[in-house]
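Student: Supplied in structure tokens, the structure appears directly below.
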Amino acid sequence: MTVNLAGFNVDIENIKAVQSFCENGINKEEIQKLNWTPETISASYARISRDERPINELREQARTEIDKARRSNNAIIFEMGHSSIAEHAAFNLDIIGVSRYLSEQIEKSRLASFTEKSQRYIKIGTDYYIPSEFDEATKARYVKTVEYLFETYNKLHEMLVPYFESQNPDLKPGDKGYRDLVNLAKEDARYVLPLCCHSQLGMTVNARSLESLLKKLTLIRSAEAAELHKQIEDAVSGYAPSLIKYTKASAYQSGMFDAVRDLLDTAHSMTYDGDNDPAMVAACLRQEYAYQGVQLLDFDKECIDKVIAAFIVRYSDIDYKEAFARAKKTLDETKQQIFDRLYDLLDQHDSVGREFEMSDFTFGIQLSASAFAQLKRHRMATIIDSEYVPAIGCIVPDSIDAVGGKEIFLTAIEEADAFYYDTYKQYPGLNEYILTNSHIKNVILKCNFRELVHISRLRSDAHAQWEIREISDKMCETVGKKLPMLAKFMSGKDKFKK
Ligand SMILES: Cc1cc2nc3c(=O)[nH]c(=O)nc-3n(C[C@H](O)[C@H](O)[C@H](O)COP(=O)(O)OP(=O)(O)OC[C@H]3O[C@@H](n4cnc5c(N)ncnc54)[C@H](O)[C@@H]3O)c2cc1C
């Protein structure tokens, strides 16, 4: 794994000074004295609330008195607790050669931006992570199983390309659209790829959020997470010592699992602590666990009136309580007219507006690692995910079934499952690296209607990958049935009426 610091924000005056030196060749000594750090921006912005001087003067002072700026950051962020000051510093990090397993954990950071290598668009080579914690025998079995999964991936890919070609007989190599067709083969073959598969991603993150990510990394019991923690810290600490300081998980964060242990049911303890034969546990759990897909668990039944009330508050002098009472008295017909008028104004790129955030929906979703990789990117939703639950089974793409590849696929998955269960007690956590993109986890997704509409635009669209599209369609269909007045707002960009 390699982490490169690709960039960070610096005061524009530094850049202007360098430009001037390049053009005129003067003031070399001044250039050498420049401090290349985002800390001066944070320190000067921190002073805005109590110092009436113009901000550019505060920045100038911070630039010339770097030690004072650092002491000030330290006092304001860590002693007074104004952590938001650290958000004025942003870093760009290349994270290369990280496992998909760990990239999943990284991308759970909500206040950050990511772009990751796509297994839909790139053919994956045999490049993967081997946990250094494994003893020799475990490592040998792991390597054998992983290589087998990669072989199966290549075999399935070879079977799927002609299948998708036959589905689109007019498209020939070199034609526009042929690449998309071949990508469908990658998209489905990758379901058998293990989570230890190497990936790469670009991350843009502010110092506060990065500190929070570093803390969370210390909760993951793997040498890979420890290595990532070290490399990120090494990459940024020299440039922002006053902004990132507490990088270990708190006692609360690390003690949470123990605190809730009593809540865990017997099935859980069978897999975690039991002395049972792993194969027997798997067989037993498979009978217990049935695939449920998407379920709407809960929603706010008064949400239409709450949305209407929010519009009344926004455009009048009426308070929320009174507005809500008025909304309740408003005829359904009138409400429908209002939503129709709003919908008529809407373009596919518009967000429906904050008023629609007055509504909450909670879904229980069982989905593959492949679909979770996409769902978790929706940062405005509350997403709580479990570990993978191989006992639920796995998602097999229809195309694999259609080309007669299901048996090859499931045989490879069984090998991965066997490794997972056999190493459960010795290597908890690390055994998840062998699980594949097809393995299922449980997710709770809570979001408001505004975010649900946004999810539908991207994920119910024809360009979306089929599993996440099915999930999004199901979420929208279920909500649409409960709230027909709002149903038409939810659709992919392609189905949008204009
Ligand atoms: C067809 C398709 C292909 C994709 N391919 C790839 C790929 O190859 N690699 C990859 O890494 N990702 C890929 N993605 C994921 C994509 O880049 C987004 O991360 C994902 O769709 C979430 O979208 P979002 O950021 O708009 O949504 P959300 O995170 O749900 O945010 C909702 C809205 O809130 C606002 N918002 C949220 N966070 C911020 C922020 N930090 N700054 C400003 N506004 C914000 C925006 O208005 C945003 O639209 C793909 C997505 C699709 C649909």
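Student: Give just the number: which of (1) within 11 Å of the ligand (Cβ to nearest atom); (2) over 24 Å from Leu102 (Cα atoms) does Ile468 not satisfy?
Tutor: Ile468 satisfies all of (1) within 11 Å of the ligand (Cβ to nearest atom); (2) over 24 Å from Leu102 (Cα atoms) except (2).
Student: Give all pairs with beta carbons closer than 9 Å in which a residue from the range 446-457 that is under 17 Å from Ala371 (Cβ atoms) and at pLDDT below 95 meets a residue that is of a type in the set (Gly, Ala, Ser) and within 9 Å of the ligand (Cβ to nearest atom); count only pairs at least 6 apart in sequence or on separate chains.
Tutor: Partner pairs satisfying both residue conditions: none exist.
Student: While we're looking at this one, here's another question. Quick check: anything in the range 384-401 part of a loop (DSSP other than H, G, I, E, B) and surrounded by fewer than 17 Cβ atoms within 10 Å (Cβ to Cβ)?
Tutor: No, there is no match, as no residue in the range 384-401 is part of a loop (DSSP other than H, G, I, E, B) and surrounded by fewer than 17 Cβ atoms within 10 Å (Cβ to Cβ).
Student: Hey, another quick one. For the range 177-199, check the following and say yes or no: at least one residue is surrounded by fewer than 20 Cβ atoms within 10 Å (Cβ to Cβ) and under 20 Å from Leu430 (Cα atoms).
Tutor: Yes, that holds for at least one residue.
For (1) assigned by TED's automatic domain parsing to the domain that holds Phe257; (2) away from the ligand (no atom under 16 Å from the Cβ); (3) touching a residue at least 24 places away in the same chain (Cβ under 8 Å), each residue gets a yes or a no:
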| site | (1), (2), (3) |
| --- | --- |
| Asn431 | no, yes, no |
| Ala464 | no, no, yes |
| Asp473 | no, no, no |
| Val479 | no, yes, yes |
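Student: Determine which member of the set Ile106, Ile95, Ile122 is within 16 Å of the ligand (Cβ to nearest atom) and either touching a Gly at 6+ places or on another chain (Cβ under 9 Å) or in the same structural domain as Val443 (by TED's automatic domain parsing) (or both).
Tutor: That would be Ile95, the only listed residue that is within 16 Å of the ligand (Cβ to nearest atom) and either touching a Gly at 6+ places or on another chain (Cβ under 9 Å) or in the same structural domain as Val443 (by TED's automatic domain parsing) (or both).
Student: Select, from Ser316, Ser368, the only residue that is farther than 19 Å from Met485 by Cα, of a type in the set (S, T, N, Q) and either in contact with a Pro (Cβ under 9 Å, 6 or more places away or on another chain) or without any contact (Cβ under 8 Å) to a residue 60 or more places away in the chain (or both).
Tutor: The unique qualifying residue is Ser316.
Student: If you don't mind, there's one more thing I want to ask. If you go through the range 73-113, how many residues are in contact with a His (Cβ under 7 Å, 6 or more places away or on another chain) and on the phi > 0 side of the Ramachandran plot?
Tutor: 1
Student: Identify, please: which residue in the range 125-154 is of a type in the set (Val, Ile, Thr) and modelled with pLDDT of 95 or more and is, among those, farthest from the ligand (Cβ to nearest atom)?
Tutor: Only one residue fits best here, namely Thr138.
Student: Does Asp350 satisfy the condition of being assigned to a helix (DSSP H, G or I), out of contact with any strand residue (DSSP E or B) (no Cβ under 9 Å at 6 or more places or on another chain) and at pLDDT below 95?
Tutor: Criteria not met by Asp350.
Student: Taking Ile408 as the residue in question, decide whether it is away from the ligand (no atom under 13 Å from the Cβ), crowded, with 22+ Cβ neighbours inside 10 Å, assigned to a helix (DSSP H, G or I) and in contact (Cβ under 8 Å) with a residue 40 or more places away in the chain.
Tutor: It is false that Ile408 is away from the ligand (no atom under 13 Å from the Cβ), crowded, with 22+ Cβ neighbours inside 10 Å, assigned to a helix (DSSP H, G or I) and in contact (Cβ under 8 Å) with a residue 40 or more places away in the chain.
Student: Here's something else I'd like to know. Any residue at all in the range 364-376 that's more than 16 Å from the ligand (Cβ to nearest atom) and not hydroxyl-bearing (Ser, Thr, Tyr)?
Tutor: Looking for residues that are more than 16 Å from the ligand (Cβ to nearest atom) and not hydroxyl-bearing (Ser, Thr, Tyr), one finds at least one in the range 364-376, hence yes.
Student: Give me the pairs, please: first residue somewhere in the range 114-143 and β-branched (Val, Ile, Thr), second residue anywhere and within 16 Å of the ligand (Cβ to nearest atom), beta-carbon distance under 8 Å, and either six or more positions apart or on two chains.
Tutor: Going by the 8 Å Cβ cut-off, the qualifying pairs are Thr115/Leu201; Thr115/Gly202; Ile122/Lys186; Ile124/Lys186; Ile124/Arg190; Ile124/Leu193; Ile124/Cys197.
Student: Do any helices (runs of 4 or more DSSP H) lying entirely in the range 18-127 carry at least 3 residues that are surrounded by fewer than 18 Cβ atoms within 10 Å (Cβ to Cβ), and which ones are they?
Tutor: 28-32, 55-64, 66-73
Student: Just checking, which of Leu228, Leu210, Leu201 is among the aliphatic types (A, V, I, L, M) and away from the ligand (no atom under 16 Å from the Cβ)?
Tutor: The conditions single out Leu228.
The values are calculated or read from the model by the stated rules, or taken from the named source; none is laboratory data. Predicted, not measured: the structure shown is a model, and the values here were computed from it. Cβ: placed from backbone, ideal geometry, glycine included. Neighbour counts: every protein chain shown.
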